[in-house]
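For reference, the structure discussed in these notes is given below.
The values are calculated or read from the model by the stated rules, or taken from the named source; none is laboratory data. Small disclaimer: the values here were computed from a predicted structure and weren't measured. Glycine gets a Cβ as well: all are built from the backbone with ideal geometry, and neighbour counts include every protein chain shown. For accessibility, only protein heavy atoms count, side chains too; no ligands or nucleic acids. Shrake-Rupley method; radii C 1.70, N 1.55, O 1.52, S 1.80 Å.
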Amino acid sequence: MAFRFNFKKCGELFQKPIPVGGLFEKRWARMGAYGLLFLLGLKLVAFLVPIPKQGLFPPSSTLVFDADGKLLRAFTAPDGIWRISTSLDQISPVLQKFLIAYEDQLFYRHPGVNPLAIIRAYRQNKAAGRIVAGGSTITMQIARMSEPKERTWYHKLVEIARAIQLEQRFGKRRLLEIYFNIAPYGGNIEGVAAASWLYFGKEPTQLSHGEAALLAALPNSPSRLRPDLYPERARRARDKVLGIVYRKGLITKREYEEALAEPVPDARRELPFIAPQFCQELKDKYPGKPRIYSTLKLNRQLLAETLLKEHLKGLDGQGISNGAVVIIDNRSRALLAAVGSADFFDNAAQGQVNGYRAPRSPGSALKPFVYALGFEHGVITPQHYLEDVPIDFSGGYSPENFDKKFNGIVSAREALGRSLNVPVINVLLMLGENGLYPLLRRINLSTVAADDRYGLTIALGGCEVTLIELTALYSALANGGIYRAPQLTLEQPQNPSTRLFSAGAAYLVTEILSEISRPDLPACWEFTSLPKIAWKTGTSYGYRDAWSIGYNPRYTIGVWIGNFSGEGRPGLIGAEAAAPLLFDLFNKVDSGEQGWFTSPATVDTRQVCAVSGLVPGRYCENLITESYLTDCSPDQECSFHQSYLLDPRSGYRLPPHYHSSTNAVEKTFIKWPPRIAAWREANGYPVERIPPLIPEWQRLQPGQAPVIRSPSENYVYHLREGIALEFQKICLEAAAANDVHKLYWFVDGKLLGVVAPGERLFYMPEVGGHRVVCQDDQGRSAEMRLVIEE
């Protein structure tokens, strides 16, 4: 307890008359009054003179722990000192008792100064002819440590005054806490917590009796007693403390003997250096915080670091030097592992870059979210057909698939499973304003610009993402479409949740991604004990980034492989460079015993046309089963299969309900959409032509008009100087349904030529604006405006 001056009694004493009866009594009264005035003056000074806050509360080092309290990494204070701010409750009570018994037995009784100790020290110093004792209380030592000065009697008086001031400002427990935080322990170690970690590798709550005795002795002469330099001196000093506390009855004989037998550390301990980029991130996020308890799990972190290093050894010969890994707990959204690079100290590979926070092109890794939106908004179902043919989108954008091949027609399930490029762009076009960009902006993805500068390319890696945010996005698929940013620390409040799409849409995507063949296992892998996962890869343009993200109900794991320099390498393909590490991680962190996702109530199955994936029409014969969303999936009837009446003599098609010919033959044809029909014919796939309508009915027949594929809409063609016009002809090409046999091209009202569907015609360019019309032999037409400039 702090010393408190009693003003009331002081006043009563001054009011009493000086006793008469001799000179001694008068002098006693006068000295008492002066003494009280002196104490009163010290009391006023204590409140008027500012205390040295910088010396009493210096900046702290930072320790970063995993979720179980295991140390990951430590940082020195800004001044380069190991000093870990610690509350008294975090310091061993044994150490507290040992310190008081050894340094200041009357600590809880004196007002900051012990006159008897000062007198005793004065006599010892005078006898020795030099300063051998200080007589300082713990409070006086705090005053000296907070304002270091040369040891003189004048400065001793200053310490006394400061000690009394500190006693007035702080309670005894607070003063003891301050002492334990600024006391020197040798070298650049200050404070008992730093000493405990660097000498014993533990928190000061876990000290043994021998360790506590050593730490009680060291501040008395930290340079001379440093155990890492002078272990024998340190041992003798420790034993001296143990002897004192044993004689005072603070420990038993057995505890005393066991403490004497404990070894004295002869070197500083190497503090852990795990998850260095992640720990730096938390230190920067919480500046000055002494202890940060993260959500990482040490075993998961070490496993991820080890597997990444081993994996990269096999890629080193291909010029691939680095990678990053993130593991998220899908239940709590806690970050369990965060590997920023393979080797933090590898300068050649830029190992200090934080790879899981580095913005990189995701390649195809965002495609699942386009399909989830397509399911959510009812524009597609898993079996719904999509066109996979060459096409020029607005602005001359002509995406290709990874293998440079096209498939004509594919289902959404196949398009996502094979990561085809053109189909996902078509889905993005169907979504319109409900596309991928608004979804990424809703979750405040840090790398996505506030203005939509990406266009259709956003689905194919046109934007940048970070590994941790991309992995968190996939975790939303594992949580029924609900996104939540990962939690990094135990103290951090839960991040807000955002629903991106329905649980049903997330389930449909998950089922597709879980069916993708795993390169590490045979086709019957589902009958093994290995965990089932849904997964996707990504490869950025120029082979600069290889991604693989996977999830199951328990975990979501993200892997990035590449070079921090941005250098592309042929081997940087997601399925080859990143996916094997993803599966290796899953096989080791997950037992696979948690089961699989439960189908939501909105997911059901139905029969659809095997060709179009649409609700079967009258003439659809081959049906397959698909999963669909009962609340939003489209119920459009298939129009691919159509039945026609044919005149057996002429071969012409007869109009519906035509009764003049009793010998008419009914036949079912597949009426392909124009682009698909043109692609199939151009690539040698059979397209059965629908016979033309009898001449007298042709002009009355409705249907799909041709689709102009070239020239590109809204594109301005510029003539190149010095090149003959003959070599700058503009290609005219259109796709038409398979009931069309001829296409007629007109430019500014003049017939340019007649071709078959898919066949090209070339136009000699003329400067100016032109009206281009393509008309089929059924009278249906499409037109566009062509602009040519010099």
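Would you list the membrane-span-like helices of the chain, meaning whole DSSP H runs whose alpha-carbon atoms span at least 30 Å along their axis and whose mean Kyte-Doolittle value is at least -1.0?
23-48
The list (i) 33.5; (ii) 28.2; (iii) 38.7 gives values of Kirkwood radius over Cα pairs in Å, and only one came from this structure; which label was calculated from it?
Only one option fits the structure, namely (i).
Tell me the mean residue ellipticity at 222 nm calculated for the chain from its helices only (DSSP H runs of n ≥ 4, each -39500 (n - 2.57), averaged over every residue, nearest 500).
-9500 deg cm²/dmol
Just flag the trypsin sites (Lys or Arg not before Pro) in the stretch 211-275 sitting in loop per DSSP whose Cβ has no more than 14 other Cβ atoms within 10 Å.
Loop-located and lightly packed - Arg224, Lys248, Arg269.
Step through the residues of the stretch 779-790 one at a time and calculate ³J(HN,Hα) from phi using the Karplus curve (6.51 cos²θ - 1.76 cosθ + 1.60, θ = phi - 60°), rounding each to whole Hz and writing x for Gly and Pro.
Per residue, the Karplus-derived 3J(HN,Hα) values read x, 8, 9, 9, 9, 8, 9, 10, 10, 10, 10, 7 Hz.
So if R0 is 25 Å, what FRET efficiency would Leu88 and Lys53 give, r being the distance between their Cβ atoms, rounded to the nearest 0.05?
The pair Leu88/Lys53 has a calculated efficiency of 0.85.
Enumerate the amide H contacts of Leu654 below 5 Å, restricted to partners 5 or more residues apart or on another chain; note that Pro and chain-start residues carry no placed amide H.
Amide H neighbours of Leu654: Leu645, Leu646, Asp647.
Return one whole number: the accessible area per residue of the chain in Å², for a 1.4 Å probe. Display every interim value, and only then the final one.
Values: 36990 Å² over 790 residues.
Heavy-atom SASA per residue in the chain reads 47 Å².
Could you pull out every one of the lysines with an alpha carbon less than 19 Å from that of Lys248, ignoring same-chain neighbours closer than 8 positions?
Partners within reach: Lys97, Lys240.
In whole Hz, what ³J(HN,Hα) sequence does the stretch 712-718 give by Karplus (6.51, -1.76, 1.60; θ = phi - 60°), x for Gly and Pro?
Along the stretch 712-718, the couplings run 6, 5, 6, 10, 9, 8, 10 Hz.
Efficiency by 1/(1 + (r/R0)^6): what FRET value for Tyr397 and Tyr685, r their Cβ-Cβ distance, R0 = 25 Å, to the nearest 0.05?
According to the calculation, E is roughly 0.45.
Going through the cross-link list Lys70/Lys172; Lys313/Lys404; Lys297/Lys532, which pairs have a Cα-Cα distance over 27 Å in this structure?
Listed pairs above 27 Å: Lys70/Lys172; Lys313/Lys404.
Quick check on packing: order 561-574, 369-382 by the mean number of other C-beta atoms within 10 Å, highest mean leading.
369-382, 561-574
So, how do all the Cα-to-Cα distances of the stretch 293-393 break down into 10 Å bins, in percent, from 0 on up?
12, 29, 26, 20, 12, 0
I need the peptides 339-345, 551-557 ranked by packing, meaning the mean over residues of other C-beta atoms within 10 angstrom, with the highest value on top. Please report the intermediate quantities before stating the final value.
Numbers: 339-345: 21.3, 551-557: 24.3.
So the peptides 339-345, 551-557, ranked by packing, come out 551-557, 339-345.
Amide H of Lys202: which non-local residues (sequence gap of 5 or more, or other chain) have their own amide H closer than 5 Å, using H built in the peptide plane?
Trp197
Loop only per DSSP, at most 11 neighbouring Cβ atoms within 10 Å: give me the trypsin sites (Lys or Arg not before Pro) in the stretch 569-621, ordered by residue number.
Hits after loop and neighbour filter: Arg618.
Please work out whether the stretch 364-434 counts as rounded, prolate or oblate from its C-alpha gyration tensor, where a ≥ b ≥ c are the square roots of the eigenvalues and a/c under 1.5 means rounded, while otherwise a/b larger than b/c means prolate and anything else oblate?
Oblate, since a/c reaches 1.5 and b/c is not below a/b.
Which ³J(HN,Hα) values, rounded to whole Hz and listed in residue order, are derived for the stretch 347-356 from phi using the Karplus coefficients 6.51, -1.76 and 1.60 in 6.51 cos²θ - 1.76 cosθ + 1.60 with θ = phi - 60°, glycine and proline given as x?
Values, residue by residue: 5, 4, 9, 6, x, 7, 5, 8, x, 7 Hz.
Using only the Cα atoms of the stretch 51-105, build the gyration tensor, take square roots of its eigenvalues as a ≥ b ≥ c, and label the shape rounded, prolate or oblate: rounded if a/c is under 1.5, else prolate if a/b is larger than b/c, else oblate.
Oblate is the answer for the stretch 51-105, as a/c is 1.5 or above yet b/c matches or exceeds a/b.
Explain nothing, just the number: relative contact order of the chain, from Cα pairs under 8 Å at least 6 residues apart, as a whole percent.
Computed value for the chain: 9 percent relative contact order.
Give me the one-decimal nm value for the distance between modelled label points at Ser208 and Glu433, 7 Å along each residue's Cα-to-Cβ direction.
So the label points at Ser208 and Glu433 sit 7.2 nm apart.
What number, in percent, do you get for the relative contact order of the stretch 92-241 if the mean sequence gap of Cα pairs under 8 Å and at least 6 apart is divided by its residue count?
About 23 percent, as a whole number.
Need the full-extension length gain, Asp68 to Val665, defined as separation in residues times 0.36 nm minus the C-alpha distance. One decimal, nm.
In short, 207.0 nm is gained.
Going highest first, how would you order 578-587, 197-206 by mean Cβ packing within 10 Å?
578-587, 197-206
Could you tell me the extents of the stretch 183-340's C-alpha atoms along the three principal axes, largest first, rounded to whole Å?
Principal extents (Cα only, largest first): 66, 38, 31 Å.
List the residues whose amide H sits under 5 Å from the amide H of Leu336, counting only those 5 or more places along or on another chain, with H placed 1.01 Å from N in the peptide plane.
Long-range HN contacts for Leu336: Ile327, Ile328, Asp329.
Can you run the Rg to Rh ratio on the stretch 703-786? Use alpha carbon positions and the Kirkwood inverse-distance Rh.
Working: Rg = 13.0 Å, Rh = 13.2 Å.
My calculation puts Rg/Rh at 0.98.
Does the stretch 327-373 come out rounded, prolate or oblate, given a ≥ b ≥ c as the square roots of the eigenvalues of its C-alpha gyration tensor, rounded meaning a/c under 1.5 and, failing that, prolate meaning a/b above b/c?
Oblate.
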